[in-house]
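Working notes for the structure below.
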Amino acid sequence: MRLDLSLLNEHQREAVEYGDGPLLVLAGAGTGKTRVITYRMAHLMARRSVPGDRILGFTFTNKAAREMRERLERMYPDLDPSPLLSTFHSFGLQFLREEYRHCGIRSRFPIYDDSDTRSVLLEILREIGGLNAAEKDVDTVRAQISRWKMNFISPEVALDNSVDDLEELQARAYLRYKDKMRGFNAVDFDDLIHLPVLLLENNPEVRSRWQQKFDHLLIDEYQDTNSAQYRFARALVDDRQNLCVVGDDDQSIYAFRGAEVEKILSFNKDFPTAHVVTLESNYRSVSSILDAANEVIAKNPRRHSKRLVSMRGAGDPIRLSIYDGEQEEASSVVSMVHKSRQMGLSLAKQAILLRSAIQARPFEEKLRFYDIPYTIIGGRSYFDRREIKDALSFLRALVFPEDDIALLRILNVPKRGFGKAAREVIDEISRNRGLSVQAVLENDELMSAASPAGQKGAIKLMTALKESRAELNHDGKFALVKVLEQVDYDSHLKEISAGDAADLEARRTAVEGLYESVARFEGNHGQGKLDQWLREISLDSDKDAENGGEVLTLMTFHGAKGLEFPVVHLVGVEDGLIPHRRAIAEDPEKGEEEERRLMYVAMTRAMDQLHMSMARTRRRAGRDMECEESRFLAEIPEGMILKEEIREEDRPPVTGEEARSRLAQLRQQLADQ
């Protein structure tokens, strides 16, 4: 095999050609991380004659493993045998298939997904804690058991160390869960790493056999490893310590998933003979963006020293626009996206980045009014949230009494005696009799077969809709607030939040945001026109096809990792959002460090232009709250950012029809020229 290394820079080549022993490659954003790890595998095979099947590579997603394999195959079309490229979990599954006897399971074992494990734990909690405790605690218990497994704490030790009733309940559930899973001959996703590590660490014969299978182990995105994955990798490495890890401590942003930045920070301590190569030549972003991002991340006290240098020239200055409120911010940003699209920059080359998915609401509204197709990454669409679908269904039931789909959705929300079977019967009666669902619910004779609770619930729902519908032409927001209060929808939010105060706050905030959307629309267009608003916010399912699949991407900072766009709009750059107030409250020191890394990741997604924005006031918990610039902006020297104060009255939203008309006019003007 021939291998051409001429495309690599000096430091990339150093990492690729380094010999045996532990190797840490610190690959900053946009410095060619994937190229280095792929070329190193190729070099081991081509120049050092290491058989492909003696090389094991760990990635964090199947997609990353597939892309790496495809790169190798393009370099060597007849590659055989090829390296084993796998996620930790996929490799763990392969391990268990070979070593199941040593792990106390039989050969044909199922893997239980989240839904399966939830059902098992729900049954256990009903046995030991009662039905109410089961419904309330099942997700909390499941998360705690996962943490215990990741840290290799047995059920017995967890029970001995429990300090209160909740921990004792969780530990007892853990003990029974382990027994039940053994009885089912089943494993869960945590077991795919947990069981192999226990076996490798406690059985020298098995450990030696697996260490002899591979000459080299490489790990991509090493900064995202957790304790269990780290121990898995260490157990597979023999005394030669041929372990190469590639990652960037400055991009460690997944602590909430268990990732520990300490693993990459302490690599030299774990492997004292490690060779370190730092990649600082950035091929993605212009200097104006990188210089500012470097200033932000440099303030983190715990990090490997590095400073990215752009290979693409100076570029345009970063802009920070300061708006009166979040509506003005959304209108302006979407308008910029729209104008850029008209000037020939495709939507696929632009992105709006948000710290929290809940910030997407005003942007989604404006995008829908402009008829701009979009997708959400790293969070649900505001309009896909369960509580928003519920609230919109109540509003649709008010505005469109014949809307059977909306009424069937809210028939048992909150619970009022209509199970799935009862809803199906009502739907069937409606279709067979040619009546609307509302007509069926209002017919005492047709409802006589329903349970007493169902009959009572139907009367209450119909009364709430009728009384609230009378308010529609006067105040649509009041009508929606009234119907949700009359049916006690907040009790439903409390139930589905399962005791999670932060989740409950987020759901309430989302619903309050919908109230404000309705009020704002009526303020601009007058009362009695909510049918128009409901139609406008409904995305056309064929929109992607009509636009050749081209869509604008809205994503959270977390969801943006690993991606890049020529133009990036970084919105809501305010204290409380970035850094997020919850992260700071939970752990002021580590929270701020991770939030600074998150800001760095978001900034370095931009290739050519970075536009940042913030609002002086933002709606939270039903009130307009004063906002301050993110403290991270103060860490960027003057002159690196052009600030502009934008004060203007909130303009009426542009409808999709108006946007299409404007676009048609522009096309005609271009044609005339």
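With respect to (1) buried (at least 17 other Cβ atoms within 10 Å of the Cβ); (2) modelled with pLDDT of 90 or more; (3) acidic (Asp, Glu), the lone exception for residue 589 is condition (1).
Would the range 578-592 turn up any residue that is touching a Phe, Trp or Tyr at 6+ places or on another chain (Cβ under 7 Å) and not aliphatic (A, V, I, L, M)? No, the conditions are met nowhere in the range 578-592.
Helices (runs of 4 or more DSSP H) fully within the range 355-468 that include at least 3 residues being closer than 23 Å to residue 481 by Cβ and touching a residue at least 12 places away in the same chain (Cβ under 8 Å): 360-369, 386-399, 404-410. Among the residues of the range 615-636, those that are within 25 Å of residue 298 (Cβ to Cβ) and of a type outside the set (A, V, I, L, M) comprise 628, 629, 630, 631, 632, 635.
Considering the conditions (1) without any contact (Cβ under 8 Å) to a residue 40 or more places away in the chain; (2) open to solvent by less than 40 Å² (accessible area, probe 1.4 Å); (3) not charged (D, E, K, R), residue 256 is excluded by exactly one of them, (2). For the range 41-52, the condition holds for no residue, the condition being that it is open to solvent by less than 10 Å² (accessible area, probe 1.4 Å), under 29 Å from the mean Cα position of the chain (by Cα) and modelled with pLDDT of 90 or more.
Report, by residue number, each residue of the range 565-592 that is touching a residue at least 40 places away in the same chain (Cβ under 8 Å) and either among the β-branched types (Val, Ile, Thr) or outside any strand (DSSP E or B) (or both). 567, 568, 571, 572, 573, 575, 578, 579, 582, 590 - these are the residues of the range 565-592 that are touching a residue at least 40 places away in the same chain (Cβ under 8 Å) and either among the β-branched types (Val, Ile, Thr) or outside any strand (DSSP E or B) (or both). Of the helices (runs of 4 or more DSSP H) contained entirely in the range 187-302, those carrying at least 3 residues that are of a type in the set (A, V, I, L, M, F, W, C) and in contact with a helix residue (DSSP H, G or I) (Cβ under 8 Å, 6 or more places away or on another chain) fall at 191-202, 227-236, 287-297. Given the condition open to solvent by 60 Å² or more (accessible area, probe 1.4 Å) and without any contact (Cβ under 8 Å) to a residue 12 or more places away in the chain, answer yes or no: does some residue in the range 593-612 qualify? Within the range 593-612 (the criterion being open to solvent by 60 Å² or more (accessible area, probe 1.4 Å) and without any contact (Cβ under 8 Å) to a residue 12 or more places away in the chain), the answer is no, since none of the residues qualifies. In the range 20-40, the residues that are open to solvent by less than 10 Å² (accessible area, probe 1.4 Å) reach residues that are of a type in the set (D, E, K, R) and assigned to a helix (DSSP H, G or I) with C-beta atoms within less than 7 angstrom, at least six apart or across chains, in these pairs: 27/33; 28/250; 38/71.
Taking the criterion of being open to solvent by less than 10 Å² (accessible area, probe 1.4 Å) and more than 23 Å from residue 503 (Cα to Cα), the residues of the range 345-364 that qualify are 347, 350, 351, 352. Return the residue satisfying two criteria in turn: it lies in the range 557-579 and is surrounded by 20 or more Cβ atoms within 10 Å (Cβ to Cβ) and among the small types (Gly, Ala, Ser), and of such residues it is nearest to the chain's Cα centre (by Cα). Only one residue fits best here, namely 560. If only residues of the range 613-629 that are buried (at least 24 other Cβ atoms within 10 Å of the Cβ) and among the small types (Gly, Ala, Ser) are counted, the one that is farthest from the chain's Cα centre (by Cα) is 615.
Candidates are the residues of the range 179-205 that are at pLDDT below 95, more than 31 Å from the chain's Cα centre (by Cα) and open to solvent by less than 70 Å² (accessible area, probe 1.4 Å); the one that is nearest to residue 244 (Cα to Cα) is 185.
Against the conditions (1) surrounded by fewer than 20 Cβ atoms within 10 Å (Cβ to Cβ); (2) closer than 19 Å to residue 464 by Cα, residue 397 satisfies every one except (1).
Residue 468 - would you say it is of a type in the set (Ser, Thr, Tyr), over 12 Å from residue 417 (Cα atoms) and surrounded by 14 or more Cβ atoms within 10 Å (Cβ to Cβ)? Yes: the conditions hold for residue 468.
The values are calculated or read from the model by the stated rules, or taken from the named source; none is laboratory data. From a predicted model like this one, the values you see are computed outputs, not experimental measurements. Glycine gets a Cβ as well: all are built from the backbone with ideal geometry, and neighbour counts include every protein chain shown. All accessible areas refer to the heavy atoms of the entire protein, side chains included, with ligands and DNA or RNA removed. Shrake-Rupley method; radii C 1.70, N 1.55, O 1.52, S 1.80 Å.
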